[in-house]
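Contents: one structure, followed by commentary.
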Amino acid sequence: MSVQSIRPFKAAAKDVAANFHGQQVVYFCWDQHLMFYAPVAKLLPPDITFQAVIDTELTPTYSRHPDFARIDWAAVQWFKDGEAFTPVLDTSLAGNGITHKTAVHFKTPGLNGLNGNGF
Amino acid sequence: MDMSVKKKLGLKEKYALMTRNLGWEPSYEKREDVYPLLDYEGIKIHDWDTWEDPFRLTMDSYWKYQAEKERKLYAIIDAFNQNNGHLNVTDARYINAMKVFLSAVPALEYNAHRGFARLGRHMGGVGPQVACQMQAIDEMRHCQTQIHSISNYNRFYNGIHDWKHMNDRLWYLSVPKSFFEDACTCGPFEFIIAIGFSFEYVLTNLVFVPFVSGAAYNGDMGTMTFGFSAQSDEARHMTLGLEVIKFMLEQDPANLPIVQKWIDKWTWRGVRLLTIVAMMMDYMLPKRVMSWKEAWEIYFEENGMSLFKDLARYGIKVPDCVEQIKKEKDHLSHQAWTTFYAAAPMTNFHTWIPSDDELDWLSAKYPDTFDKYYRPRFEFFREQAEKGERFVNPNLPQLCQVCQIPMLFTEPDDPTQIAYRQSEHDGEKYHFCSDHCQHIFDNEPEKYVEAWLPVHQILQGNCFAEGDDPSAPDFDPIASVMKYWHLENGRDNGDFAGSEDEKNFAAWRGMTTSNT
Ligand SMILES: [Fe+2]
Ligand SMILES: [Fe+2]
């Protein structure tokens, strides 16, 4: 126990998966596109497919950006908790190893924000 | 009756009677039972009596000075009210800076009161007990005067009609709230380093300059007066913070690494909290006092460093995080304001795109970064707004587990890349905005896993308005959260241009300067 306390105490993590009623939180970030200022937190069922996440979550989230329509999805580089990975599109989040509070980031080489400046 | 006339006591004797003579050694209770919080943090104090209260303030002089200050303050607040002082501010955008201040700070003052009242009980010597009790009373006074000042504004302007309710719930207000709750749940020694030293001593000017001078520059007499009234207590508070840190370091060499760890932690916690102050200085004061970068250079890099030089003889080193803050000073305020601009539907104040003059001021103050990175962002926002497509990011952001700020900060050496840090504890993943927040978590994960992060609370369904049914087919989660916050979207927030605040201010000011 690292915490110093006057009597024994058991920490109760506030955001364990069980508190989200069968869903899980997944964070997404389109790197180099700070127009959206921070990664977004989405509440998703673990069995939603990766393709469905792109279509029903990422598209409405990011399509306002002029770069979005030009994304070559086959060339997108994906990262899961900082490690590069290749998602299987018709497989669920769980099947892609994306669990509660995983951070998913993606880079779109050649599309680095307005004027290539990260925005 | 036997009446003997006693000689009037000198100040020194009075102080001695009030402090040393009020302390006694317990005879039938163990000292550690009377003062149960003094050992568990690992700080060793061998002789409490060597602690010297630099002010040796006595109750009668304290009441006299404070009462005088209160009389002046309330006379000015009355005059401010009777003369519609709010109409003298430079421009009604300024009032949004007050909304941020009044939403966040009175609760901090109250928590400072609670923290120091607890220390007044738990410190091991009568000298520090009395000094902490005095500060507890001061902090209560600051809280009260600020609450009274809210009514100067919330009768006329939107967004701060329910500051206490929002302070406990609204996402961005969890940043200051959790900062103080972190401090109040520390032991007494860490609390005094956190608040008395890091916050009040190292960072205090960076808090006061924008508010007090900012108010003066922008014609806000009411705020200027309560600001000065509070600031006149600060000399005492700062000295207490500094004396206590020196006392700890002099008492035992084993205290040094513990104190250093706390200084590192709380300097970073404080600077993260000041992100919003940086934004106020550079964007929210129509008449600027100085830029955030200039304030940081004067009050931290110059004044703060000379303080650390003073402490070097005790072995205290400048916190590592200072290197990162130096790099961030060119970016912080711009990243914060673009965030609040894009998050407009979730706040309780108005935002705007800086005018051309203001953009030029920012270019001049931030020659290395503003034109390259940030001006194009405002130009894009402006273009969108002119097309009738005002940019909004309606998504809930990921928050840092420690500072609770959205993960908006970029890598210290790459302003185009968000900084992500991640740790695991007990099989759960935790995310941070920076090395320093991650480090704070890794030192005490059991504390921060309990953080009430507004975004996760919303997603758990804990922040919907009472009576709303999330399973109903027409349930609108965003609308329900707004209702839970007691906010009306578009009235309490959104663009300043076209707002009720803007219209009212113009109409009322018109009535004071013309006959129609
Ligand atoms: Fe205060
Ligand atoms: Fe953080």
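The values are calculated or read from the model by the stated rules, or taken from the named source; none is laboratory data. Since the structure is predicted, the reported quantities are computational estimates derived from the model, not experimental observations. Here the Cβ is made from the backbone with ideal geometry for all residues, glycine too, and neighbour counts use every protein chain on show. Calculation scope for accessible area: heavy atoms of the full protein, side chains included, ligands and nucleic acids excluded. Shrake-Rupley method; radii C 1.70, N 1.55, O 1.52, S 1.80 Å.
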Open item on the list: Condition (residue is more than 16 Å from ligand 2 (Cβ to nearest atom) and either of a type outside the set (Ser, Thr, Tyr) or in contact with a Phe, Trp or Tyr (Cβ under 9 Å, 6 or more places away or on another chain) (or both)) applied to the stretch B:396-411: is it met by at least one residue?
Closed with: yes
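Restricting to the stretch B:497-516, what's the tally of residues that are in contact with a strand residue (DSSP E or B) (Cβ under 9 Å, 6 or more places away or on another chain), under 21 Å from B:ASN84 (Cα atoms) and part of a loop (DSSP other than H, G, I, E, B)?
We begin by selecting, within the stretch B:497-516, every residue in contact with a strand residue (DSSP E or B) (Cβ under 9 Å, 6 or more places away or on another chain); these are B:497, B:499, B:501-502.
Narrowing the set further to residues that are under 21 Å from B:ASN84 (Cα atoms) leaves B:499, B:501-502.
Next cut, part of a loop (DSSP other than H, G, I, E, B) only: B:499.
Residues flagged as in contact with a strand residue (DSSP E or B) (Cβ under 9 Å, 6 or more places away or on another chain), under 21 Å from B:ASN84 (Cα atoms) and part of a loop (DSSP other than H, G, I, E, B) within the stretch B:497-516 amount to 1.
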Open item on the list: Just to verify a result, which residue in the stretch A:94-119, among those that are facing chain B (nearest Cβ under 9 Å) and among the hydroxyl-bearing types (Ser, Thr, Tyr), is nearest to the chain's Cα centre (by Cα)?
Closed with: A:THR102
- [ ] Mind listing just one residue for me: the one in the stretch B:210-258 that is within 13 Å of B:GLN135 (Cβ to Cβ) and over 21 Å from the mean Cα position of the chain (by Cα) and, of those, surrounded by the most Cβ atoms within 10 Å (Cβ to Cβ)?
- [x] B:VAL244
Task: Of all residues making up the stretch A:95-115, the number that are open to solvent by 60 Å² or more (accessible area, probe 1.4 Å) and farther than 30 Å from B:ARG375 by Cα - done: 1
- [ ] Specify the residue that is farthest from the other protein chains (Cβ to nearest Cβ); the eligible residues are those in the stretch B:112-144 that are among the polar types (S, T, N, Q) and more than 10 Å from ligand 1 (Cβ to nearest atom).
- [x] B:GLN144
TODO: Give me the pairs, please: first residue somewhere in the stretch A:27-51 and within 7 Å of chain B (Cβ to nearest Cβ), second residue anywhere and of a type in the set (Lys, Arg), beta-carbon distance under 6 Å, and either six or more positions apart or on two chains.
DONE: A:ASP31/A:LYS107
- [ ] Taking the options B:GLU383, B:GLU328, name whichever one is more than 9 Å from every other protein chain (Cβ to nearest Cβ) and away from ligand 2 (no atom under 16 Å from the Cβ).
- [x] B:GLU383
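For the stretch A:11-19, does any single residue satisfy the condition of being surrounded by fewer than 22 Cβ atoms within 10 Å (Cβ to Cβ) and either in contact with a Lys or Arg (Cβ under 6 Å, 6 or more places away or on another chain) or closer than 22 Å to A:THR86 by Cα (or both)?
Start the filter on the stretch A:11-19 by keeping residues that are surrounded by fewer than 22 Cβ atoms within 10 Å (Cβ to Cβ), which leaves A:11-14, A:16-19.
Right, trim to either in contact with a Lys or Arg (Cβ under 6 Å, 6 or more places away or on another chain) or closer than 22 Å to A:THR86 by Cα (or both) and you get none.
Scanning the stretch A:11-19, I find no residue that is surrounded by fewer than 22 Cβ atoms within 10 Å (Cβ to Cβ) and either in contact with a Lys or Arg (Cβ under 6 Å, 6 or more places away or on another chain) or closer than 22 Å to A:THR86 by Cα (or both), so the answer is no.
For (1) part of a helix (DSSP H, G or I); (2) exposed (fewer than 11 other Cβ atoms within 10 Å of the Cβ); (3) not β-branched (Val, Ile, Thr), each residue gets a yes or a no:
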| site | (1), (2), (3) |
| --- | --- |
| B:ASP33 | yes, yes, yes |
| B:ASP39 | no, no, yes |
| B:ILE43 | no, no, no |
| B:PRO54 | no, no, yes |
| B:LEU57 | no, no, yes |
| B:TYR65 | yes, no, yes |
| B:LYS69 | yes, no, yes |
Task: Close pairs (8 angstrom Cβ cut-off, 6 or more residues apart or separate chains): in contact (Cβ under 8 Å) with a residue 60 or more places away in the chain in the stretch B:413-426, surrounded by fewer than 17 Cβ atoms within 10 Å (Cβ to Cβ) anywhere - done: B:ASP413/B:LYS327
Task: Residue ID - surrounded by the fewest Cβ atoms within 10 Å (Cβ to Cβ), chosen from residues in the stretch B:426-456 that are closer than 18 Å to A:ALA103 by Cα and away from ligand 2 (no atom under 16 Å from the Cβ) - done: B:GLY427
Open item on the list: Can you pull out every residue in the stretch B:437-473 that is touching a residue at least 24 places away in the same chain (Cβ under 8 Å), touching a helix residue (DSSP H, G or I) at 6+ places or on another chain (Cβ under 6 Å) and over 19 Å from A:ASN19 (Cβ atoms)?
Closed with: B:ILE440, B:PHE441
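Would you mention how many residues in the stretch A:6-20 are more than 7 Å from chain B (Cβ to nearest Cβ) and more than 17 Å from the chain's Cα centre (by Cα)?
Of all residues in the stretch A:6-20, those more than 7 Å from chain B (Cβ to nearest Cβ) come to A:7-10, A:17-18.
Add one more test, that the residue is more than 17 Å from the chain's Cα centre (by Cα), and what stays is A:7-10, A:18.
Number of matching residues: 5.
One line per residue, one yes/no per condition, for (1) within 16 Å of ligand 1 (Cβ to nearest atom); (2) in contact with a Pro (Cβ under 9 Å, 6 or more places away or on another chain); (3) of a type in the set (S, T, N, Q); (4) within 14 Å of chain A (Cβ to nearest Cβ):
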| site | (1), (2), (3), (4) |
| --- | --- |
| B:TRP268 | no, yes, no, no |
| B:THR275 | no, no, yes, yes |
| B:MET279 | no, no, no, yes |
| B:PRO286 | no, no, no, no |
| B:GLY304 | no, no, no, no |
| B:PHE308 | no, yes, no, no |
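In the stretch B:353-370, what residues are under 29 Å from B:SER499 (Cα atoms) and open to solvent by 30 Å² or more (accessible area, probe 1.4 Å)?
Going through the stretch B:353-370, the residues under 29 Å from B:SER499 (Cα atoms) turn out to be B:353-363, B:370.
Once the filter is applied, which keeps residues that are under 29 Å from B:SER499 (Cα atoms) and open to solvent by 30 Å² or more (accessible area, probe 1.4 Å), the stretch B:353-370 yields B:ILE353, B:SER355, B:ASP356, B:ASP357, B:ASP360, B:TRP361.
Every residue, every condition in (1) modelled with pLDDT under 95; (2) in a helix (DSSP H, G or I); (3) under 30 Å from B:HIS350 (Cβ atoms); (4) touching a strand residue (DSSP E or B) at 6+ places or on another chain (Cβ under 9 Å), yes or no:
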position: B:ASN96; (1), (2), (3), (4): no, yes, yes, yes
position: B:PHE101; (1), (2), (3), (4): yes, yes, yes, no
position: B:ARG114; (1), (2), (3), (4): no, yes, no, no
position: B:ALA117; (1), (2), (3), (4): no, yes, no, no
position: B:VAL130; (1), (2), (3), (4): yes, yes, no, no
position: B:ASP138; (1), (2), (3), (4): yes, yes, no, no
position: B:GLN146; (1), (2), (3), (4): yes, yes, yes, no
position: B:ARG169; (1), (2), (3), (4): no, no, yes, no
position: B:PHE189; (1), (2), (3), (4): no, yes, no, no
TODO: Confirm whether B:GLY124 is outside any helix (DSSP H, G or I) and either more than 16 Å from ligand 2 (Cβ to nearest atom) or touching a helix residue (DSSP H, G or I) at 6+ places or on another chain (Cβ under 6 Å) (or both).
DONE: yes
Task: Single unsatisfied condition, B:LYS365 versus (1) out of contact with any strand residue (DSSP E or B) (no Cβ under 6 Å at 6 or more places or on another chain); (2) within 16 Å of ligand 2 (Cβ to nearest atom) - done: (2)
Open item on the list: Considering only residues that are open to solvent by 10 Å² or more (accessible area, probe 1.4 Å), more than 21 Å from A:THR102 (Cβ to Cβ) and either more than 9 Å from chain A (Cβ to nearest Cβ) or in contact (Cβ under 8 Å) with a residue 24 or more places away in the chain (or both), which ones fall in the stretch B:386-404?
Closed with: B:GLU386, B:LYS387, B:GLY388, B:ARG390, B:VAL392, B:PRO394
- [ ] Just need a number here: residues in the stretch B:333-352 that are in contact with an Asp or Glu (Cβ under 9 Å, 6 or more places away or on another chain) and open to solvent by 10 Å² or more (accessible area, probe 1.4 Å).
- [x] 2
Task: Residue list for the stretch A:58-93, restricted to those being open to solvent by 40 Å² or more (accessible area, probe 1.4 Å), within 30 Å of B:PHE381 (Cβ to Cβ) and within 14 Å of another protein chain (Cβ to nearest Cβ) - done: A:THR59, A:PRO60, A:SER63, A:ARG64, A:PRO66, A:GLN77, A:PHE79
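Got at least one residue in the stretch B:469-477 being within 10 Å of chain A (Cβ to nearest Cβ), surrounded by fewer than 20 Cβ atoms within 10 Å (Cβ to Cβ) and in a helix (DSSP H, G or I)? Quick ask: steps written out before the conclusion?
The first filter runs over the stretch B:469-477 and keeps only residues within 10 Å of chain A (Cβ to nearest Cβ), leaving B:470, B:477.
Imposing the further condition that a residue be surrounded by fewer than 20 Cβ atoms within 10 Å (Cβ to Cβ) reduces the set to B:470, B:477.
Restricting the remaining residues to those that are in a helix (DSSP H, G or I) gives B:477.
Within the stretch B:469-477 (the criterion being within 10 Å of chain A (Cβ to nearest Cβ), surrounded by fewer than 20 Cβ atoms within 10 Å (Cβ to Cβ) and in a helix (DSSP H, G or I)), the answer is yes, since at least one residue qualifies.
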- [ ] Please indicate, with yes or no, whether at least one residue in the stretch B:410-428 is among the aromatic types (Phe, Trp, Tyr), touching a helix residue (DSSP H, G or I) at 6+ places or on another chain (Cβ under 7 Å) and more than 16 Å from ligand 1 (Cβ to nearest atom).
- [x] no
